[in-house]
Amino acid sequence: MADVSNTNSVCFGTNSKSNNSSYMRKSSFKIAGMIFLWLFFLGMTQPGFSQNMKSTVFPSIDILLMDSSTIFQTQKIGNDKPVVFLVFNSSCEHCQKEASDLVKNKSRLSTIRLVMMSYENISLIKSFYNKYSLSRIEGLIIGRDYRFAGANYFMYESIPFCAIYSKKHKYLQSLERDFDTDSIFNVLKKNGEL
């Protein structure tokens with residue numbers, strides 16, 4: 001008669017080797033996963049991913065203006081006024097509210113350089129521009145971020161999104177989703193830009 005306890009121990013021993021290799025594979029995947037996450041977060045601190053890059057680098061974004069042929073380059077903005085980048089979408093209710101608020105406060109906007117951009121096609125941007133009478137805002141630059149550079153640079157989570165820079169193109173602060181013209185001017189006043 002076969003020794004059952006010995007068979008069980010042999011089976012257990014075989015399974016134990018199998019379990020050990022399975023355990024080793026799982027451990028290797030965990031270690032590889034932790035290394036990947038560490039490298040990912042390390043990469044997030046490099047220029048191009050860091051929120052800190054805004055404090056030193058003024059964005060270089062090409063914006064297709066509403067004539068569908070002129071490209072406006074943000075790097076060519078002078079340093080005589082603070083610069084406000086506003087990312088919008090024509091169907092966004094918060095963006096529509098912000099557009100109305102901007103027009104109501106158009107006289108205050110002469111002290112800043114306002115750049116509005118959307119990733120939408122030009123016809124939707126033109127409709128938005130006309131619907132909210134944005135032509136009443138003197139010096140407004142508005143168009144299509146056709147390379148999606150703003151999304152890659154600012155890494156915003158919701159729209160409208162607003163990035164505020166000093167006259168010297170130093171990053172001051174960002175605002176997202178539910179803000180108004182007063183919020184923008186409060187940031188500028190707080191930083192001595194008005």
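FYI, it's all coordinate maths here, none of it is from the lab. Every value quoted in this text rests on a predicted model; they were computed, and no experiment measured them. Virtual Cβ from ideal backbone geometry, glycine too; neighbours counted across all protein chains shown.
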Legend entry - Relative contact order %, the stretch 137-188, counting alpha carbon pairs below 8 Å whose residues are six or more apart: 26 percent
Legend entry - Greater than 20 Å apart at Cα, pairs in LYS167/LYS190; LYS76/LYS167; LYS106/LYS168: LYS106/LYS168
Inset, instruction - Between TYR146 and LYS168, with labels modelled 7 Å along Cα→Cβ, what's the label distance in nm to one decimal, could you check? - result: 3.5 nm
Inset, instruction - Report the relative contact order of the stretch 102-147, percent, no decimals, based on alpha-carbon pairs under 8 angstrom and at least 6 residues apart. - result: 55 percent
Inset, instruction - Using R₀ = 25 Å, calculate the FRET efficiency as 1/(1 + (r/R₀)^6) where r is the Cβ-Cβ separation of SER107 and ILE71; round to 0.05. - result: 0.25
Inset, instruction - Output the antiparallel fraction of DSSP beta bridges having both residues in the stretch 73-194, as a percent to the nearest 5. - result: 55 percent
